[in-house]
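Below is one structure, written out as structure tokens; the observations come after it.
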Amino acid sequence: MSKIKVIPCSGIGKVLGLLARESVLMVTQEKCPNESETLCLAHVVTGDDEVVAKIKGQPCITMDGCPKYCAKKSVEAAGGEVDHSYKVPDFMKPHRGEEHGTGTYLTADGWKFAEELSDILAKTVIEMQEEVR
Amino acid sequence: MIVNKIGVIGCSGEECLGGTISRLVVRKMLEELRPGMTTSLCLPLFIAGDGGEREFAEKYPTISIDGCSKCCAKRAIEKYSNAVAGSIDISEIIGEDKALEKPLSTRNLTAEHLEFVKQTAEKTCEIYDGISS
């Protein structure tokens, strides 16, 4: 089976985009490197034939930083199958009052939160792989 | 075209080091080098947004900062909005092999990576000042 595509928004304006990006890098590089991979969202946005061929009909997970759902919408526009769409603010409740950093860097609390997000993504990747088997 | 604001838009690519550098250069322009006059937009908002992003790039000059020679940011801006006023391909500054190395978490940045950010930001400032003067 091909690897599950895990794609963050990587939003540049706020820490939420960086949290999405770092959590996805943790999953695709450290936690599930054999089961998952990421794709450049900017490449997806171009709609190039090359990227459409890579993503069309493929199982995808998106992690967005805000309710505009840029990653989800862009992946869908390129033909990807978004099986699970997450957004960072949905997991913020237990972290109220914490400072997570900015769009440039994460604080210690920010890294802890990114770890938590990556655990959610990793669990989803494994579940999706098991469903296919 | 109005030049009291300049949009600096990075690819933030998730598949290579150049994408990480592009993101950090945009943040450096916003926070340190040209604060106040610089605006950034999340690239996927050109697809997912309500149109404000496309209108911004039609009214104001933009500089695209791409991590590799695919130049996704430049092509996406021009596809959905207007010609860019300037563009940077990071692989031309740091070399293609380096630019295409694995994407990097911000917690693994080295002095070499920060030097790449500095060099690319200097080039961006040259283009920026050429547009605004």
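The values are calculated or read from the model by the stated rules, or taken from the named source; none is laboratory data. Since the structure is predicted, the reported quantities are computational estimates derived from the model, not experimental observations. All Cβ positions, glycine included, derive from the backbone under ideal geometry; neighbour counts span all protein chains shown. Areas reflect the complete protein model, heavy atoms only, side chains present, ligands, DNA and RNA absent. Shrake-Rupley method; radii C 1.70, N 1.55, O 1.52, S 1.80 Å.
Here are the numbers:
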read-out	value
Chain A - mean residue ellipticity at 222 nm from DSSP helices (-39,500 (n - 2.57) per run, n ≥ 4, rounded to 500)	-13500 deg cm²/dmol
Segment A:6-67: trypsin sites (Lys or Arg not before Pro) in DSSP loop, at most 12 other beta carbons within 10 Å	A:K56
Environment charge of B:A99, counting only residues whose C-beta is closer than 9 Å and scoring Lys/Arg +1, Asp/Glu -1	-4
Set A:K56/B:K98; A:K5/B:K102; A:K5/A:K54; B:K28/B:K79; A:K54/B:K28 screened for pairs whose C-alpha atoms are more than 21 Å apart	A:K56/B:K98; B:K28/B:K79; A:K54/B:K28
Partner chain coverage, peptide A:47-58 - average Cβ within 10 angstrom	1
Whole-number D in µm² s⁻¹ for segment A:72-120, Kirkwood Cα-pair radius fed into Stokes-Einstein, 4 °C, 1.567 mPa s	103
GNM flexibility winner over chain B from B:S12, B:S81, B:S22 (Cα, springs under 10 Å)	B:S81
Net charge, A:A20 excluded, C-beta distance under 9 Å - Lys, Arg +1, Asp, Glu -1	0
Net +/- balance of residues flanking B:S132 in space, Cβ distance below 12 Å, scoring K and R +1, D and E -1	0
Residues losing 30 Å² or more accessible surface upon assembly, segment B:58-85, compared with the chain by itself, 1.4 Å	B:K70, B:C72, B:R75, B:K79
Solvent exposure of segment A:4-125 as accessible area per residue, Å², 1.4 Å probe	39
Segment A:50-133: GluC sites (Glu not before Pro) falling in loop per DSSP and having at most 15 other Cβ within 10 Å	A:E98, A:E99
